[in-house]
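K.L.:
Below is one structure. I have some questions about it.
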Amino acid sequence: MNQFEIKRLVDKAYDKAELNKEEITSLLAADINQLDYLLQKADQKRKEICEDEVHLRAIIEFSNYCRRNCYYCGLRKDNQHLQRYQLKKEEIIKTAQMAAELGYQTVVLQSGEDEYPTAQITEIIKEIKNTTGMAITLSLGERDFAAYKLWREAGADRYLLKHETADQRLYEKYHPGMSFENRIESLKYLKKIGYQIGSGVIIDLPGQTPEILAEDLLLSQKLELDMIGSGPFIPHEKTPLAESKTGTVEMTLKFTALSRLLLPLAHIPATTALGTIDVEGRQKALMAGANVVMPNVTDSQYREKYQIYPGKICINEEAGDCRQCIGGIIASLGRFVSQNKGHSLRK
Ligand code: SAM
Ligand code: SF4
Ligand code: FES
């Protein structure tokens, strides 16, 4: 594709937040060296919509038990080399309160698809809300619809459930026993009952093509996502995809930039996975459309056991270290940490 054609497509995306599948595919397939203009326009759109404000979401990885066997993930049930842990209700609440003291306005409760009792999660949500007032995001995988409803009523604000890939065949290949349809129905239901929904993809899963990633963006528009994330695939040696190639920074940045142009009002995280494959990865994403970072606040004794992929950053740090580190990164880019909860920009 020549520079003239790239400029035409990027300008169209910038002006109308609209491109068709072929147009998105051709941008995703183009060499990153040709795409300065794409990254620059995504940054400009981010500035128009979010100004220089960056939202922090403190993540508590409270259990690494998982009943699923996703082909790419180190927490998968069949990985017997992992020592499993599960934080008690009181520990989770205490960690959230510590995050609030560090100034965080949102806490993300994340785990494998553990069967953590629904009623206990309800109590945790209520207690965190009552004592800190923080926004609460749940990232617990798929649960029954009645549980989603209960937790929403208890005060949970957001639900993060990546659709991982919009290609049903690839989805079902890498998620044995799971259904793509249920994933999408869950997201629609969560939105319907009032959650702000976050989803997104793994970039460069084996077998994924630019056409499929274009479908991912079109699906994300259709779902009216409040947040869209993309992290590169990182092979884990105790999984069936151990021998596959690591995803690229370039494709992740192209996807991030197109996410900003095609879903201008979405929150977009600079992901930990991108920061893992490139020390400057999160900075690069923040300059290509991203406006969110999700620092870890999990107690350091558990961090190395939540290795969804190898080399994950921040394993030896404490919550306060990460808060300080992220503050420095954001300031170095001339941006600032938001003082509000960073709710959906769609409302
Ligand atoms: N169990 C919940 C779920 O699957 O939705 C939440 C936790 S799961 C560890 C969070 C995300 O980690 C997944 O949505 C997936 O995209 C990402 N992930 C897992 N393994 C990965 C890998 N090897 N490389 C990159 N991302 C990975
Ligand atoms: Fe479990 Fe989530 Fe990992 Fe899949 S991605 S194995 S559901 S923790
Ligand atoms: Fe954890 Fe930088 S964010 S050390």
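Laboratory data are not the source of any read-out in this text; all were calculated from the coordinates shown. The structure displayed is predicted, hence computed values, not measured ones. With ideal geometry, Cβ positions are generated from the backbone for all residues, glycine too; neighbour counts draw on all protein chains shown.
K.L.:
Sort 236-242, 257-263 by packing, meaning the average of other beta carbons within 10 Å per residue, with the highest value first. Intermediate results must be reported in sequence, preceding the final value.
P.N.:
Values: 236-242: 16.4, 257-263: 26.6.
Order by mean packing, descending: 257-263, 236-242.
K.L.:
Return a whole-number percent for the relative contact order of the chain, with Cα pairs under 8 Å and 6 or more residues apart as the contact set.
P.N.:
This gives 24 percent for the chain.
K.L.:
What fraction of the DSSP beta bridges in the chain is antiparallel, stated in percent and rounded to the nearest 5?
P.N.:
Around 5 percent antiparallel, to the nearest 5.
K.L.:
Most fluctuating residue of 186, 244, 332 in a GNM of the chain with Cα springs under 10 Å: which is it?
P.N.:
Answer for the Gaussian network model of the chain: 332.
K.L.:
Place a +1 charge on the Cβ of each Lys and Arg in the chain and a -1 charge on the Cβ of each Asp and Glu, then give the dipole magnitude about the Cα centre in debye, rounded to the nearest 20. Spell out each step's value before the answer.
P.N.:
Details: 46 positive and 48 negative charges, 130 e Å.
Using Cβ point charges on Lys, Arg, Asp and Glu, the chain gives about 620 debye.
K.L.:
How do the peptides 54-64, 7-17 rank, highest first, by the average count of neighbouring beta carbon atoms within 10 Å per residue?
P.N.:
Answer by packing, highest mean first, reads 54-64, 7-17.
K.L.:
Mean separation of Cα pairs under 8 Å and 6+ residues apart, divided by the residue count of the stretch 30-137: what relative contact order is that in percent?
P.N.:
It rounds to 31 percent for the stretch 30-137.
K.L.:
I've got another one for you. Straight-line reach from residue 192: which lysines fall under 16 Å, measuring Cα to Cα and dropping same-chain residues less than 8 apart?
P.N.:
Here the lysines satisfying the reach criterion relative to residue 192 are 149, 222, 347.
K.L.:
Another question, if that's okay. Hey, in the chain, which Cys have no second cysteine's beta-carbon closer than 4.7 Å?
P.N.:
Cysteines of the chain left without a disulfide-compatible partner: 50, 66, 314, 322, 325.
K.L.:
Within 10 Å, count the other beta carbons around each residue, average over each peptide in 20-33, 214-227, and list them highest first.
P.N.:
Working: 20-33: 15.5, 214-227: 20.7.
Ranked from most to least packed, the peptides come out as 214-227, 20-33.
K.L.:
Explain nothing, just the number: relative contact order of the stretch 106-244, from Cα pairs under 8 Å at least 6 residues apart, as a whole percent.
P.N.:
Relative contact order for the stretch 106-244 comes out at 21 percent.
K.L.:
Hey, if you put +1 on the Cβ of every Lys and Arg and -1 on every Asp and Glu Cβ in the stretch 1-142, which of 62, 28, 9 ends up farthest toward the positive end of that dipole?
P.N.:
62
K.L.:
Roughly how big is the stretch 110-223's charge dipole about its Cα centre, with Cβ charges of +1 (Lys, Arg) and -1 (Asp, Glu), in debye to the nearest 20?
P.N.:
460
K.L.:
Select from 291, 69, 182 the residue whose mean-square fluctuation is largest in a Gaussian network model of the chain (Cα-Cα springs shorter than 10 Å).
P.N.:
182
K.L.:
Which links in 47/254; 305/341; 45/129; 16/162 stretch past 24 Å when you go from one Cα to the other?
P.N.:
Violating the 24 Å limit, Cα to Cα: 305/341; 45/129; 16/162.
K.L.:
Counting each DSSP H run of 4 or more residues in the chain as -39500 (n - 2.57), what helix-only mean residue ellipticity at 222 nm follows after dividing by all residues, to the nearest 500 deg cm²/dmol? Numbers along the way, then the final one.
P.N.:
Numbers: 14 runs with 153 residues, N = 347.
Dividing the helical sum by the residues of the chain leaves -13500 deg cm²/dmol.
K.L.:
Out of 295, 269, 176, any idea which swings most in a Gaussian network model of the chain, alpha carbons joined below 10 Å?
P.N.:
Evaluated over the chain, the most mobile residue of the options is 176.
K.L.:
Another question, if that's okay. Choose one of 339, 306, 154: the residue whose Cα lies farthest towards the positive end of the charge dipole of the chain (beta-carbon charges +1 Lys, Arg; -1 Asp, Glu; about the Cα centre).
P.N.:
Checked the options; the winner is 154.
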